Amino acid sequence: QDHAAALLRRLTGAEAALVVNNNAAAVLLALAALAEGREVVVSRGELIEIGDGFRIPDVLERSGARLVEVGTTNRTRAADYEHAIGPETAVLLRVHQSNFRVVGFTELPAVSELAAVAQRHGLPLVDDLGSGVLVEVADEPSVRASLEAGADLVCFSGDKLLGGPQAGIVVGRAELVERLRRHPLQRALRADKLTLAALEGTLGLYLDPDRALREVPVLRMLVEPADEVRRRAERLAELVDGAVE
Ligand SMILES: *Cc1c(COP(=O)(O)O)cnc(C)c1O
């Protein structure tokens with residue numbers, strides 16, 4: 001954990017980091033440690049299904065926290081969060097719309113706007129980024145940008161755009177990460193040493209972003225020119241007597 005955390009601090013600018021088994025576990029642990037028995041405020045536009053039937057509202061319920069929905073499917077403003085805050089509020093949660101887009105008449109507050117609301121009320125802002133890229137990839141929000149915009153904790157996967165082993169990573173304020181580390185669930189959700197070793201290897205590549213783009217397979221494939229993909233597809237098609245569509 002110490003080796004991975006040192007790299008994560010350097011790559012994201014965070015004060016502290018903790019690695020667990022996957023990002024669903026990271027979100028579960030963050031909510032259990034910071035909001036058990038209390039309220040978590042989330043936009044209705046971010047109550048998403050991650051995949052394979054796993055849904056953020058269900059993860060939230062299992063953490064022992066109570067969900068408070070604000071806004072609408074297409075539009076949520078910072079003021080909606082502010083109005084929902086009461087004596088029972090423990091966390092403002094933001095969830096990246098990783099696998100879908102709502103287009104048209106839409107609005108979601110920026111991380112910095114939500115961070116300002118959270119700060120005014122002395123509450124932590126937890127940002128579940130899902131993919132959590134460390135380099136620039138299209139319009140994906142980066143971990144560092146979320147922290148710089150004022151998120152107190154950022155959760156993301158080790159095995160999506162990061163391209164490492166299955167893992168969940170939490171980075172952010174040292175005092176909050178420490179509360180997660182001391183929570184009883186942490187022991188049950190922690191990453192094992194082979195995962196940590198593999199993650200350390202992947203993170204090491206990111207110390208040189210150009211090297212990461214060349215050597216992390218998912219990044220290499222994402223930046224591969226379409227012509228090269230086409231040539232490969234045509235070669236394969238020829239071998240199996242197929243056609244490229
Ligand atoms: C994928 C995803 C998760 C779950 O991550 P796993 O590492 O697959 O458990 C949680 N939140 C969001 C927004 C995601 O995209």
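The values are calculated or read from the model by the stated rules, or taken from the named source; none is laboratory data. None of these values were measured; they are calculated from a predicted model. Positions of Cβ are backbone-derived with ideal geometry, glycine not excepted, and every protein chain shown enters the neighbour counts.
Can you find even one residue in segment 101-121 that is surrounded by 20 or more Cβ atoms within 10 Å (Cβ to Cβ) and touching a residue at least 60 places away in the same chain (Cβ under 8 Å)?
no
Tell me, please, whether a residue that is within 15 Å of the ligand (Cβ to nearest atom), within 15 Å of the chain's Cα centre (by Cα) and modelled with pLDDT under 95 can be found in segment 109-128.
Checked against the condition, which is being within 15 Å of the ligand (Cβ to nearest atom), within 15 Å of the chain's Cα centre (by Cα) and modelled with pLDDT under 95, segment 109-128 yields no hits at all.
Only residues in segment 149-171 that are touching a residue at least 60 places away in the same chain (Cβ under 8 Å) and closer than 14 Å to HIS96 by Cβ count as the first member; pair them with residues that are within 7 Å of the ligand (Cβ to nearest atom) and acidic (Asp, Glu), Cβ under 6 angstrom, at least 6 apart or cross-chain, and list the lot.
CYS155/ASP128
For segment 89-103: of the residues being more than 21 Å from LEU161 (Cα to Cα) and either acidic (Asp, Glu) or modelled with pLDDT of 95 or more (or both), which is nearest to the ligand (Cβ to nearest atom)?
Filtering segment 89-103 for residues that are more than 21 Å from LEU161 (Cα to Cα) and either acidic (Asp, Glu) or modelled with pLDDT of 95 or more (or both), the one nearest to the ligand (Cβ to nearest atom) comes out as LEU93.
Go through segment 159-187 residue by residue and tally those that are among the aliphatic types (A, V, I, L, M) and within 13 Å of the ligand (Cβ to nearest atom).
Just the residues of segment 159-187 that are among the aliphatic types (A, V, I, L, M), to begin with: 161-162, 167, 169-171, 174, 176-177, 180, 185.
When the remaining residues are screened for being within 13 Å of the ligand (Cβ to nearest atom), the result is 161-162, 167, 169-170.
Total satisfying the criteria: 5.
Assess whether LEU28 counts as being surrounded by 19 or more Cβ atoms within 10 Å (Cβ to Cβ), of a type in the set (A, V, I, L, M) and either in contact with a strand residue (DSSP E or B) (Cβ under 8 Å, 6 or more places away or on another chain) or at pLDDT 95 or above (or both). Write out each step before concluding.
Values: surrounded by 19 or more Cβ atoms within 10 Å (Cβ to Cβ): yes; of a type in the set (A, V, I, L, M): yes; either in contact with a strand residue (DSSP E or B) (Cβ under 8 Å, 6 or more places away or on another chain) or at pLDDT 95 or above (or both): yes.
So LEU28 fits the description; yes.
Take the residues in segment 156-186 that are more than 18 Å from ALA16 (Cα to Cα) and not small (Gly, Ala, Ser); name whichever of them is farthest from the chain's Cα centre (by Cα). First the steps, then the outcome.
The initial filter retains those residues of segment 156-186 that are more than 18 Å from ALA16 (Cα to Cα), namely 159-166, 184-185.
Restricting the remaining residues to those that are not small (Gly, Ala, Ser) gives 159-162, 165-166, 184-185.
Numbers: ASP159: 11, LYS160: 10, LEU161: 10, LEU162: 11, PRO165: 15, GLN166: 13, PRO184: 22, LEU185: 19 Å.
If we take residues in segment 156-186 being more than 18 Å from ALA16 (Cα to Cα) and not small (Gly, Ala, Ser), then PRO184 is farthest from the chain's Cα centre (by Cα).
Tally up the residues in segment 135-164 that are in a loop (DSSP other than H, G, I, E, B), at pLDDT 95 or above and over 17 Å from VAL95 (Cβ atoms), please.
Adding up the residues that qualify gives 5.
Take LEU180 and tell me if it is touching a strand residue (DSSP E or B) at 6+ places or on another chain (Cβ under 7 Å) and at pLDDT 95 or above. Let's see the steps before the verdict.
On the way: touching a strand residue (DSSP E or B) at 6+ places or on another chain (Cβ under 7 Å): yes; at pLDDT 95 or above: yes.
Spelling it out, LEU180 is indeed touching a strand residue (DSSP E or B) at 6+ places or on another chain (Cβ under 7 Å) and at pLDDT 95 or above.
Taking segment 31-57, which residues are modelled with pLDDT under 95, away from the ligand (no atom under 11 Å from the Cβ) and more than 17 Å from the chain's Cα centre (by Cα)?
Answer for segment 31-57, where residues must be modelled with pLDDT under 95, away from the ligand (no atom under 11 Å from the Cβ) and more than 17 Å from the chain's Cα centre (by Cα): just GLY53.
Starting from segment 195-209, take each residue that is among the aromatic types (Phe, Trp, Tyr) and list its partners that are surrounded by 14 or more Cβ atoms within 10 Å (Cβ to Cβ), counting only C-beta distances under 9 angstrom and pairs at least six apart or across chains.
TYR206/LEU7; TYR206/LEU11; TYR206/LEU134; TYR206/VAL135; TYR206/LEU162; TYR206/ALA212; TYR206/VAL216
Among the residues that make up segment 206-220, is at least one of them loosely packed, with under 13 Cβ neighbours inside 10 Å and outside any helix (DSSP H, G or I)?
yes
State whether one or more residues within segment 43-66 are more than 23 Å from PRO141 (Cβ to Cβ) and aliphatic (A, V, I, L, M).
yes
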